[in-house]
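For reference, the structure is listed below as structure tokens.
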Amino acid sequence: MSIEENKKIVARFWTAFSAADIEAASSLISDDGFTWWIAGKPGKFPLAGKRSKAEFFDLLKGVAANSENGLKVTPLAWTAEGDRVALEAESYGVFGGKVYNNFYHLLHIVRDGKIQSVKEYMDTMHANEVLCGQ
């Protein structure tokens, strides 16, 4: 697939994610060996570590269930080369009356028209405080 096609796949994923359209988001992710990795130390930040597709969508459903109006992720800047699509993004949501507004660097690997893996870097302290209550 071309770099532009890979960027479009990633853009469609984040549009579906922001709309809490789990079925559409899931259709853009590989069923074979997909991983989603979140920065941080698992012992100090419960969201940190590597997840399979099923584990990631369980996490996503939990986020959706605990937000007041969902979690919107807005792409800010893109860089792409080969099968790698890097995205800078900002999120906004309200959880338990607390505003969650984080900034991310997300590295997507896209193969055969599907997202194969994602590495997510963010302000883990802010996420831990708002999303995990710690």
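The values are calculated or read from the model by the stated rules, or taken from the named source; none is laboratory data. Predicted, not measured: the structure shown is a model, and the values here were computed from it. With ideal geometry, Cβ positions are generated from the backbone for all residues, glycine too; neighbour counts draw on all protein chains shown.
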Give me a count of the residues in the stretch 45-66 that are assigned to a loop (DSSP other than H, G, I, E, B) and out of contact with any Phe, Trp or Tyr (no Cβ under 7 Å at 6 or more places or on another chain).
-> 4
Qualifying residue in the stretch 67-82 (condition: touching a strand residue (DSSP E or B) at 6+ places or on another chain (Cβ under 7 Å), assigned to a strand (DSSP E or B) and without any contact (Cβ under 8 Å) to a residue 12 or more places away in the chain) | yes
From the list V94, V110, which one is in contact with a helix residue (DSSP H, G or I) (Cβ under 7 Å, 6 or more places away or on another chain) and of a type outside the set (D, E)?
-> V110
Go through the residues of the stretch 89-112 one by one and say whether even a single one is closer than 16 Å to L28 by Cβ, in contact with a Lys or Arg (Cβ under 6 Å, 6 or more places away or on another chain), outside any loop (DSSP other than H, G, I, E, B) and touching a residue at least 60 places away in the same chain (Cβ under 8 Å).
-> no
All positions within the stretch 60-83 that are hydrophobic (A, V, I, L, M, F, W, C), modelled with pLDDT of 90 or more, surrounded by 13 or more Cβ atoms within 10 Å (Cβ to Cβ) and over 13 Å from A19 (Cβ atoms) | W78, A80
Considering every residue within the stretch 15-27, establish whether at least one is in a loop (DSSP other than H, G, I, E, B) and not aliphatic (A, V, I, L, M).
-> yes
Look through S52, S30 and report the one residue that is more than 22 Å from Y92 (Cα to Cα) and surrounded by fewer than 16 Cβ atoms within 10 Å (Cβ to Cβ).
-> S52
Hey, does the stretch 43-53 have a residue that's under 30 Å from M1 (Cα atoms), over 12 Å from the mean Cα position of the chain (by Cα) and of a type outside the set (K, R)?
-> yes
